[in-house]
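**Q** Okay, here's the structure, questions in a sec.
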Amino acid sequence: MLSPAYFQRMQAPSIFSKISPPTLFLLQEIGKFGEKTAQSVYVVGGFVRDLLIGRENLDIDIVLEGDAVRFADQLAEAWSGKVQVHCTFGTATVIRPDGSKVDFVSARNETYARPGALPSVRYSIIEADLRRRDFSINALAIRLNPDAFGELVDCTDGLRDLRAGHIRVLHDRSFIDDPTRIFRAIRYEGRYRFRIVEGDQQRIREAIAQGVLDLISGQRVRNEIDCILSEVTVPRIIRRMLEFDLFRVVHPEWDISPHFDARWHAAQQAIDWAEQHLPNDQIDTAAILWMTLRSTVCGAIKAVSDRLALENQLREKLIAQAKLCSVLDTLSASSTPSEVYRLLNPYPLEPLVFTLKQPNQPDWRIEKIQDYLIYLRGVQPLITGDDLIQLGLKPSRAFADVLWKVFAAQLDGKVSTKLEACQLLEYKT
Ligand code: ATP
C-alpha cells in the first residue's frame, strides 16, 4: 500500500484540461477496466511529465499493479483491437481499431547485476516502479481508477523538479547502473532548457571517469544518438555533450566539427530542399543528420561506426560523404554536364544532398550538384547495350567506352535524337 504522504492530490480538471477529450475518455476507460478487474492502474512517465508541462505527448504508457499482459489482452478484446506481447520485457501494446497504441507494463523494480548490464526485473507496486526510473521528472504517475481518477503519485519530488526545471537522478549509482541515462539527461536538458542538478553533473563526470561508457553496447549508444538527432534542439544538446567530452569518451577518434551548428542548419535546409525538389526519391534523412556528426578522417569513420555497430548502409553513406568532399574539389565552374555526371554518379543521394547547403560552397558548385540531382541523373541513354548487340557488336571493354562516349555527348547536348546518337556511334566504332 502507498503511504498517503506520497500522494499529491491534484485537481483532476486542472491536470486533465490539457488532454484532448478522446484521450481523456480512453484513460477513463482504462481506469474503469482496472476497477472491474480489481487492479490499480496508472498512466506514467513522459505522458505525465509533458502533461504537467503543457506539452502534447501521444505516447501513453500504463503501469498496473498486476499482470499487464493479461490486462492488455482483455482490454484489446473489449476494444476489438489487437495486442502485441513483448515476452522478454513482460509488456504488451494494444493497437486500437483507429490505429492508436497504448503500452502496458506491470509495476516492477529492477536490479543491476553489474554496471551497464540490462536489469533483472521483479513485479512490485507503483512506488517501487517509479523509484527504478531515470529521473524524478519521469517518475510521476497519475492514478486512473475511478476512486481517485487524476491523483498524482509523486514519491521522488518530481513535481518540484519539474517546476524548478531540474533533471535529477533518484539514487547515487544511477549513471553507473545505466550509463545511457547520461545521454538521456543531456537530451532532456536540451529539450526543455532544464538543468542537470550540480551533484548529478558531478556524478556524470565521475561515471565517465570510471569508464562506464565502455561497458555499454554500441547499439545502445547508437539508439541514444538516434533519439538525440530526432530532437528539435540538437545543436544545444551536442554542445552540452561536447562539454562532457562524450564523443571522445565513446570513441577516442570521434571528433565533432567546431562548426557543428552551421553543419546542422545546412543539413536541415538540404532536407527541406530535397523534400521540395526530389519528391519521388526515398531520401534517408537520418543518414543526412548522422553526416553532421561524422569525423573528419575517413579511417575514424570506420572505427566509430564499428564502436556504434552502425549498419553497413549508414556507414557506407558516411564514408561516401567524406570521399565526396575531395571529389568535389576536382569539379570546376567549367566542368561539362558529362564530367559532373561521371564524378557524382558513383555516390548515393544522401551525401550529395547533404553537401548542397554546407557553408562556403561556390554558387556554381551548388548549381552543378542541383543540376545533377534534378536532371542529369535521370537522363536515359539514347543508345543502350542492346542497340550495340543488334548492330552486331560483341560485348567488350571497348563496348562500355563507346556507350559512355555517346551518352556523354547526349548529356552535353551534342546529340538529342537516336538517329544522331547512331551516327555518332558509327563514327566512334
Ligand atoms: P520521450 O519524450 O523522450 O520519449 P519518455 O519519458 O516517454 O520521453 P521513454 O524512453 O519512452 O521516454 O521511456 C518511458 C519511461 O521509462 C520514462 O519516462 C522513464 O520513466 C522510463 N525510462 C526510460 N529509460 C529509462 C532508463 N534508462 N532508466 C530508467 N528509467 C527509464
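Every number here is computed from the coordinates shown, using simple stated rules; none is lab data. Because the structure is a prediction, the values reported are computed rather than measured. Virtual Cβ from ideal backbone geometry, glycine too; neighbours counted across all protein chains shown.
**Q** Using a cut-off of 13 Å between alpha-carbon atoms, which aspartates and glutamates can reach residue 18, once sequence neighbours fewer than 8 places away in the same chain are excluded?
**A** Cross-link targets: 50, 56.
**Q** If you don't mind, another one. Is the stretch 184-341 rounded, prolate or oblate when judged by the Cα gyration tensor, a ≥ b ≥ c being the square roots of its eigenvalues, rounded requiring a/c under 1.5 and prolate requiring a/b larger than b/c?
**A** Numbers: a/c = 2.29, a/b = 1.76, b/c = 1.30.
The shape class here is prolate.
**Q** Could you give me the ³J(HN,Hα) list for the stretch 207-224, computed from phi with Karplus coefficients 6.51, -1.76, 1.60 and θ = phi - 60°, whole Hz, x at Gly and Pro?
**A** For the stretch 207-224, the Karplus-derived couplings read 5, 4, 4, 6, x, 5, 6, 6, 8, 9, 5, x, 4, 5, 5, 4, 4, 5 Hz, x marking Gly and Pro.
**Q** Now, a different point. Roughly how many Å is it from the Cα centre of the stretch 35-110 to that of the stretch 360-416, as a whole number?
**A** Centre-to-centre (Cα) distance: 57 Å.
**Q** Ranked highest first by the average count of other Cβ atoms within 10 Å around their residues, in what order do 171-179, 207-215 fall?
**A** On the way: 171-179: 19.2, 207-215: 15.7.
Answer by packing, highest mean first, reads 171-179, 207-215.
**Q** In a Gaussian network model over the chain where Cα atoms closer than 10 Å are linked, find which of 397, 315, 181 has the largest mean-square fluctuation.
**A** Taking springs between Cα atoms under 10 Å, the residue moving most is 397.
**Q** Each residue of the stretch 135-144 in order: what ³J(HN,Hα) in whole Hz does its phi give by Karplus 6.51 cos²θ - 1.76 cosθ + 1.60, θ = phi - 60°, with x for Gly and Pro?
**A** 10, 4, 5, 9, 9, 10, 9, 10, 6, 10
**Q** Tell me, what ³J(HN,Hα) does each residue in the stretch 410-424 have, in order and in whole Hz, if you take phi through Karplus 6.51 cos²θ - 1.76 cosθ + 1.60 with θ = phi - 60° and put x for Gly and Pro?
**A** 5, 4, 7, x, 8, 10, 9, 10, 5, 4, 4, 5, 5, 5, 5
**Q** Can you list the residues, at least 5 places off or on another chain, whose amide H is less than 5 Å from the amide H of residue 154, using H built in the peptide plane?
**A** 8
**Q** Given the stretch 260-378, what whole percent of its Cα pairs are spread farther than 25 Å? Spell out each step's value before the answer.
**A** On the way: 1326 of 7021 pairs.
Beyond 25 Å sits 19 percent of the P(r) for the stretch 260-378.
**Q** Okay, moving on. Skipping prolines and chain starts, which residues have an amide H placed within reach, meaning under 5 Å, of the one on residue 145, given they are 5 or more residues away or on another chain?
**A** Correct list: 41.
**Q** Pick from 32, 323, 405: which residue has the top mean-square fluctuation in a GNM of the chain where Cα pairs under 10 Å get a spring?
**A** 405
**Q** From the Cα trace of the stretch 385-428, what convex hull volume per residue do you get, rounded to a whole Å³? Write out the running numbers ahead of the final one.
**A** On the way: hull volume 2.7 nm³, N = 44.
Spelled out: Cα convex hull of the stretch 385-428, divided by residues, is 62 Å³.
**Q** Could you check the simple spin-label distance between residue 306 and residue 286, using points 7 Å along Cα→Cβ, in nm with one decimal?
**A** 2.4
**Q** Where is the GNM fluctuation largest for the chain (alpha-carbon springs, 10 angstrom cutoff): 307, 294, 96?
**A** 96
**Q** Sticking with this structure for a sec: Once amide H atoms are placed 1.01 Å from N in the peptide plane, what residues at a sequence separation of 5 or more from residue 196, or on another chain, have their amide H within under 5 Å of its amide H?
**A** The answer is 167.
**Q** Take the residue pairs 101/317; 323/394; 36/82; 357/418; 317/414 and return only those whose Cα atoms are more than 26 Å apart. Write out the running numbers ahead of the final one.
**A** Numbers: 101/317 34 Å; 323/394 35 Å; 36/82 20 Å; 357/418 37 Å; 317/414 34 Å.
Long pairs (Cα-Cα over 26 Å): 101/317; 323/394; 357/418; 317/414.
**Q** Also, I was wondering about something else. Starting from the Cα of residue 368, draw a straight line to each of the aspartates and glutamates and keep only those under 12 Å, dropping any in the same chain fewer than 8 residues away.
**A** Reachable aspartates and glutamates: 339.
**Q** In vacuo Debye scattering of the stretch 1-164, one point per C-alpha: log10 I(q)/I(0) at q = 0.11 Å⁻¹?
**A** -0.42
**Q** When only alpha-carbon atoms count, how far does the chain stretch along each of its three principal axes, as whole angstroms with the largest first?
**A** If we take the Cα atoms of the chain, the spans are 93, 51, 38 Å.
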